[in-house]
Amino acid sequence: MRLYVYLLEGKDWAVEDSYMKLKVGKFESKTRVLKNTRNPIWNEEFVFRVHDLEEELVLSVYQHRDNYGIFNVYGDLVGKVKIPVWSVAAEENQNLSPTWFSLQKTKTAKSVDKYCGKILLTVSLHGKVKDLSTNYVGYANPTNDPSKEIEVASISSQDFHGFAGHSKKISEGKHLIKNIACHFEKLFGKNEEAKKSDEEESKKDDSSAMSTITSDYEDSLEEPPVSHSFEEVIERMRPTSEDKEMPGDLQGGVLLDQTYVVPSKDLNMLLFAPDSQFRKDLAELQGATDVQEGPWTWKSDDMCVTRVVTYIKSASKLVKAVQATEEQTYIKADGKEFSVFVTVNTPDVPYGSTFKIELLYKIMPGQQEPSGEESARLVLSWAINFCQNIMMKSMIEGAARQGLKESFDQFAEVLARKLKVTTSKFVLEKDRALASLQTEQQSDWEMAKEYFWNFTVVSTIFMVLYVFVHILLSEPSKLHGLESHGFDLPDSVGEIITSGILVLQLERVYYMVSRFVEARLRRGNDNGVKAQGEGWVLTVALIEGMNLASLDPTDFPDPYVVFTCNGKTRTSSVQLQTLDPQWSEILEFDAADEPPSVLDVEVFDFDGPFDQASSLGHAEINFLKHTSAELADIWVPLEGKIALSSQSKLHLRIFLDNNNGVETIRDYLTKMEKEVGKKLNLRSPHKNSTFQKIFGLPPEEFLINDYSCSLKRKMPLQGRIFLSARIVGFYANLFGHKTKFFLLWEDIEDITVVSPSWSTMGSPALVIILREGRGVDARHGAKCQDEEGRLHFCFHSFVSFNVASRTIMALWRTRTLPLGQKEQIVEEQQEKDEKLALSEDTASYLVVEDVQMSKVYSTELPVTVKSLMRMFDGGDLEHRVMSKSGCLNYATTSWETVAPDVSERQVSYKFIRFISVFGGEVTSTQQKSPIANGAGWIINEIMALHDVPFGDHFRVRFNCTLPLVIM
């Protein structure tokens, strides 16, 4: 049985700052604190599990104090109210209507006055119990309307105890009389029919009396839920779900948001139908065993459908295999929209009894596919609910978030095998926008008609026709003056003027025709040409222009637009004689391995084939500062003196998408690995989303790596530097004061390495120099600005300077430098790496020669150096010694010459549990070089520890000297 307590309000309380504690048996709960009021209003609901009708609902009022310590958790007790559970069960429909109860002070209370206010509440008991005798005194609602609040006479908790004793005596007496009657019936031996009738009558009487004996099987009195088929219970929920709204996402965040080509009803069947093949495939992929699905049951009390699923989760790196229980409950199921709330309980994991994982599945109809098929959208969010406050709360949240991300990545993978993933909303919007533009383009005839339909052309045509008709109608005349046969000169001033005007008009028309032909020839070179290759595709839809400037006050411009991105250009057609051109053209850039950062836009005035085009304005569109929704329909203001004075704008629709999915990112990382010389892994979705949220980046930006470092300004600032395909960013949070900025790789002119100094705390520094006029938004993070106006950014105190600097240099070279300069820098970097091979992965901030090393072991052995060096030749002796030392899976590579008299090899192994409780994995680089005059060998080793706490933040270095000693 469940006891629902609706706490409404209080009146005339003795204190202003208060809260209440509610307790039923061993279960208790607490309200929020209300301050500065003696008439508090809560309107809160609480639910308790009840096993015995003799239990009491205890409501305690406490005074809240802000200065109370940890030993005064509940503050001062003001008063209490006790309500027996049996009194609620005695009410009609087991509902206690809204009733005022007087608070009673306890004996330990400080005040003499026992009255300290009233409290209004209503109580409801859900669950099947034996009918109670009508002789019980209850507080029935005279109007039989539980929605109305009825203020009855104030009732104290002592009155309730009086009623309890009286009712208990009545029930005990009836029970005793029934027992005596049964004994008499057995003695006098009534016939069977009489016995049956008496037994039925006895059952009725017993059912009307409340049992006062505490039973260990109290829950068995509840009506067992009725089991139906899955389709039946879903159909049964439809009437109750039609008026319900779809709940919002849980506060933990969205784990999955995807649309599939399937009706929403079929998707619901696939996910939650009993013995679903999808659930079996998912359990097999995740390694879950002993999966037991309970039947879907209809609960009339809660008007919902629920079931329980239990299984054993497979062991992970940190947690052994544990038992998990899922309580799945339908919140809404109207045939089109479905919402399922899931509570996951894993008590066997560390601190598992202190929290529960909550999941919310939402299935909604999606947009109809172009093929006419239905689609359904699945949104899955999560939250973590802590039953009590613990110090490990943040750690548990992080571990739960990571585990759920991995689990539901597999969930999405299996679901994608079963169902077709619909075209993304972004692609659909792009297709619609481009399709509408293609239908809006004007034909050449329409543009020619619009261009040539003016006074100059019409008057010229009229005059030419007039002259031509005049020639046809004219008769040969006599020769006058200097005329000769076939050569006629004007005979009057009017003829001279007419001839001049005709010549000027013909010249003007010829100029217009040549300009129109040249403009038409330029059209079609870039418009509508599809991008080639796989990778990042940039599509620009040029819609229109507004308020374009004119260089000639007496004439309109002939504008066209040139787009430049990643060193490639696309040119639009020329719109003749207009200040508000209409293009409706689509320009695509060939696919690139790297996502573009900036799109340069410049508008030119086309003055014909023999004149140089003049700029009417320019603009720069930074993809990192605009969301995809903003770029899908954007008005770009043009810069420049003429453009600013005219307030010129361009209307664009820009779409940047990846036609090769994650493979493009992986190919890019593989290429960068060769440049960096270090394995680069695709970061987790959570890490990527956090990175994007910090700097306000679009979702296509992906994180490559991040390092802890210090930013040198007037005062050093410790933070982290983030590296992605398009930016290098810095973020620091010092006592709530956040510092963040990012720089485009294209804006960096040079990167230099500064030797260790006192100002850089004894570590090398990396100085990034921007081009003139670039990075203005990040000026607050710059160390200085030189005479040429270039900003300088200084980073130092890297945990592993060589790894960080090499990664930054490689990313910069890939984005900005030409091929020849790249090869030259790569060769220089390789020479530096050979010289600093020993310090490549060291965690020290000093160069190798300055490192102070402690002596841990020294001995003299009666063997030759040659025999001792067998310990480092990768042979059987070395493997046996290392195995005896507690190293598992010991493996080495052969020695390779990396410099004159210097050889190098790689070693890897694992520690046994007796040596390291973490069982860490070790990878190390060993170098050997001879001591001068052949007197022995020097072996240097740099060791990296994996899978141990903070293993990424340090390296261990060994130096072993094997000199030859003459005995």
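The values are calculated or read from the model by the stated rules, or taken from the named source; none is laboratory data. Bear in mind that the values here come from a model prediction, so they are computed numbers and not experimental data. As a convention, Cβ positions derive from the backbone with ideal geometry for all residues, glycine included, and neighbour counts pool all protein chains shown. Keep in mind that these areas ignore ligands, DNA and RNA; they rest on the heavy atoms of the full protein, side chains included. Shrake-Rupley method; radii C 1.70, N 1.55, O 1.52, S 1.80 Å.
Listed here are the residues, each with its yes/no results for (1) at pLDDT below 90; (2) among the charged types (D, E, K, R); (3) assigned to a helix (DSSP H, G or I).
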{"position": "G608", "(1), (2), (3)": "yes, no, no"}
{"position": "H651", "(1), (2), (3)": "no, no, no"}
{"position": "T670", "(1), (2), (3)": "yes, no, yes"}
{"position": "K678", "(1), (2), (3)": "yes, yes, no"}
Sort out for me the strands (runs of 3 or more DSSP E) sitting completely within segment 338-417 that have 1 or more residues that are of a type in the set (K, R). 355-365, 376-386
If you take the residues of segment 62-83 that are modelled with pLDDT of 75 or more and of a type in the set (D, E, K, R), which of them is surrounded by the fewest Cβ atoms within 10 Å (Cβ to Cβ)? R65
Which strands (runs of 3 or more DSSP E) does segment 243-315 wholly contain that include 2 or more residues that are of a type outside the set (A, V, I, L, M) and either in contact with a helix residue (DSSP H, G or I) (Cβ under 6 Å, 6 or more places away or on another chain) or without any contact (Cβ under 8 Å) to a residue 24 or more places away in the chain (or both)? 289-293, 304-313
Looking only at residues in segment 691-729 that are in contact with a Leu (Cβ under 9 Å, 6 or more places away or on another chain) and surrounded by fewer than 15 Cβ atoms within 10 Å (Cβ to Cβ), which one is modelled with the lowest pLDDT? G696
In segment 755-797, anything open to solvent by less than 10 Å² (accessible area, probe 1.4 Å), at pLDDT below 90 and touching a Phe, Trp or Tyr at 6+ places or on another chain (Cβ under 7 Å) is listed as S763
Selected residue (criterion: farthest from R653 (Cα to Cα)) from residues of segment 542-554 that are open to solvent by less than 40 Å² (accessible area, probe 1.4 Å) and part of a loop (DSSP other than H, G, I, E, B): A549
Qualifying residues in segment 334-358 (those that are at pLDDT 90 or above and hydrophobic (A, V, I, L, M, F, W, C)) - the one most open to solvent (accessible area, probe 1.4 Å): F341
V233 at pLDDT below 85 and in contact with a strand residue (DSSP E or B) (Cβ under 7 Å, 6 or more places away or on another chain): yes
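Results for (1) in contact with a Lys or Arg (Cβ under 8 Å, 6 or more places away or on another chain); (2) closer than 18 Å to G719 by Cβ; (3) in a helix (DSSP H, G or I); (4) of a type in the set (F, W, Y), shown as yes or no for each residue.
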| residue | (1), (2), (3), (4) |
| --- | --- |
| P756 | no, no, no, no |
| I769 | yes, no, no, no |
| E772 | yes, no, no, no |
| H780 | no, yes, yes, no |
| G789 | no, no, no, no |
| C794 | yes, yes, no, no |
Of the residues in segment 426-477, those that are part of a loop (DSSP other than H, G, I, E, B), open to solvent by 70 Å² or more (accessible area, probe 1.4 Å) and at pLDDT 60 or above number 4
Only one of P596, P557 that is open to solvent by less than 10 Å² (accessible area, probe 1.4 Å), part of a loop (DSSP other than H, G, I, E, B) and in contact with a Cys (Cβ under 6 Å, 6 or more places away or on another chain): P596
Could you list all residues from segment 12-29 that are surrounded by fewer than 16 Cβ atoms within 10 Å (Cβ to Cβ) and assigned to a strand (DSSP E or B)? F27, E28, S29
Does L482 satisfy the criteria of being modelled with pLDDT of 80 or more and out of contact with any helix residue (DSSP H, G or I) (no Cβ under 7 Å at 6 or more places or on another chain)? no
Pair list, Cβ under 9 Å, 6 or more apart: segment 862-878 residue surrounded by 14 or more Cβ atoms within 10 Å (Cβ to Cβ), other residue of a type in the set (S, T, Y): F872/T892; G874/T892; G874/T893; G874/S894; E878/Y890; E878/T892
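Report the residue count in segment 359-400 for those that are within 22 Å of T329 (Cα to Cα), surrounded by fewer than 20 Cβ atoms within 10 Å (Cβ to Cβ) and not hydrophobic (A, V, I, L, M, F, W, C).
3
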